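One structure is given here, and the rest of the page talks about it.
The values are calculated or read from the model by the stated rules, or taken from the named source; none is laboratory data. As the structure is a prediction and not an experimental result, all values here were calculated from the model. For neighbour counting, all protein chains shown are included, and Cβ atoms are generated from backbone atoms with ideal geometry for every residue, glycine included.
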Amino acid sequence: MKLIVRDNLDGYLPEDLERDISQLPSWRREQALKYRHFQGQRDCTLSYLLLCQALEDEFGIADKPTFLIGEHGKPSLQEYPSIHFNISHCADAIACAVGDKPIGIDVESTERKISDALIRHTMSPQEQEKIAGDPIRFFRFWTQKEALVKLRGTGLQDNLHDLLLPQNTADIVFHTEEHADKGYVLSIATFKE
């Protein structure tokens, strides 16, 4: 598996976007330009370029891939169906992982405001106890939940409270990184070998 993260996005300027967006295939450029704001265009552009870099680094693929979109929005590579990838972005980072097995990834900004109502809606009572006084734990749990549903390709239709219960994750391996100094938490979910 290859993971590439681009952070320190504050230095990414409109002229950088203009240069990078010209490297995209026309379908992805059109997709990026549908975003009205700079951040959306930037994230769409850079996430695709990170995918291209990861494919070249891990598999020696230099072609620009085309996406097929699954029932719940999970993308796959039209030209390389045996290669799996997942992309995530937030205000502070863009992450892409590729490999020869299914993968889910999520990255969240720790600057995002979290309300008590959001915690009650998304976290089990046991998770809520662990979060009390430590908001970074919310982002650990949340990114793991997002990575899990992205791995499974189901979208957020499951009971959010039950997602991380042992009986629901017995076949899952999580890798979580906290980058408090850079303002984000990242989680990857894969199936156990």
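Among the numbered conditions (1) in a helix (DSSP H, G or I); (2) of a type in the set (D, E, K, R); (3) surrounded by fewer than 19 Cβ atoms within 10 Å (Cβ to Cβ), the only one that Asp43 does not meet is (3). Just one residue in the set Phe59, Phe67 is under 18 Å from Asp43 (Cβ atoms) and among the aromatic types (Phe, Trp, Tyr); that residue is Phe67.
For the stretch 51-66, what are the residues that are without any contact (Cβ under 8 Å) to a residue 40 or more places away in the chain and not in a loop (DSSP other than H, G, I, E, B)? Those that are without any contact (Cβ under 8 Å) to a residue 40 or more places away in the chain and not in a loop (DSSP other than H, G, I, E, B): Cys52, Glu56, Phe59.
For every residue, the table says whether it meets (1) surrounded by 18 or more Cβ atoms within 10 Å (Cβ to Cβ); (2) part of a loop (DSSP other than H, G, I, E, B).
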{"position": "Leu49", "(1), (2)": "yes, no"}
{"position": "Leu68", "(1), (2)": "no, no"}
{"position": "Gly73", "(1), (2)": "no, yes"}
{"position": "Glu79", "(1), (2)": "no, yes"}
{"position": "Ser82", "(1), (2)": "no, yes"}
{"position": "Asn86", "(1), (2)": "yes, no"}
{"position": "Lys101", "(1), (2)": "no, yes"}
{"position": "Glu108", "(1), (2)": "yes, no"}
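Where residues in the stretch 136-162 are over 15 Å from the mean Cα position of the chain (by Cα) and surrounded by fewer than 22 Cβ atoms within 10 Å (Cβ to Cβ), which of them is modelled with the lowest pLDDT? For the stretch 136-162, the residue satisfying everything is Asp158. The single condition among (1) free of Cβ contacts under 8 Å to residues at least 60 places away in the same chain; (2) more than 19 Å from Ala95 (Cα to Cα); (3) of a type outside the set (D, E, K, R) that Thr143 does not satisfy is (2). Just the residues that are closer than 20 Å to Asp162 by Cβ and out of contact with any Phe, Trp or Tyr (no Cβ under 8 Å at 6 or more places or on another chain), please, taken from the stretch 104-115. Scanning the stretch 104-115 gives a single hit, Gly104.
When Asp106, Asp116 are checked against the criterion of being touching a Lys or Arg at 6+ places or on another chain (Cβ under 7 Å) and either outside the structural domain of Cys44 (by TED's automatic domain parsing) or charged (D, E, K, R) (or both), Asp106 stands alone in meeting it. Within the stretch 1-39, the set of residues being in a loop (DSSP other than H, G, I, E, B) and either surrounded by 13 or more Cβ atoms within 10 Å (Cβ to Cβ) or at pLDDT 95 or above (or both) comprises Met1, Tyr12, Leu13, Ser22, Gln23, Leu24, Pro25, Lys34, Tyr35, Arg36, His37.
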